[in-house]
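Written out below as structure tokens is the structure these notes cover.
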Amino acid sequence: MAEAKGRREAVARVVMPVMATIASALAGYVARKGQQYLEETLMPRLRGSTDVGDVARDLADRAKARVPGIADDEAETRSSPSNDELGRRRRERAEHRAMRRKAS
């Protein structure tokens, strides 16, 4: 067991400086290329939009497309259930819980 612990410590002594070097190199790369990436990739998308509303609508449309079962008109006309409906659902759940407890 002591031998395994010693082996782990030896590996850690070798691997940790390598990992630190890799992390440092990665940080330097991001610092050099980050601005170029922003200018070439993200800024044209933002400039192509006329205003923030266009970006927000685009994001909303993309989110709706990813969620199955929600149509455009259904999402806008859906309303929250009434207090009576909520109370009815709560009572039904309580009855089902009581039936499950009796069965077990």
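If you scan the range 19-55, which residues turn out to be at pLDDT below 80 and within 24 Å of the chain's Cα centre (by Cα)?
Passing the criteria: TYR37, LEU38, THR41, LEU42, MET43, ARG45, LEU46, VAL52, GLY53, ASP54, VAL55.
Take the residues of the range 56-90 that are at pLDDT 75 or above and among the hydroxyl-bearing types (Ser, Thr, Tyr): which is surrounded by the fewest Cβ atoms within 10 Å (Cβ to Cβ)?
The qualifying residue surrounded by the fewest Cβ atoms within 10 Å (Cβ to Cβ) is SER80.
The values are calculated or read from the model by the stated rules, or taken from the named source; none is laboratory data. Please read all numbers here as calculations on a predicted model, not as lab measurements. For neighbour counting, all protein chains shown are included, and Cβ atoms are generated from backbone atoms with ideal geometry for every residue, glycine included.
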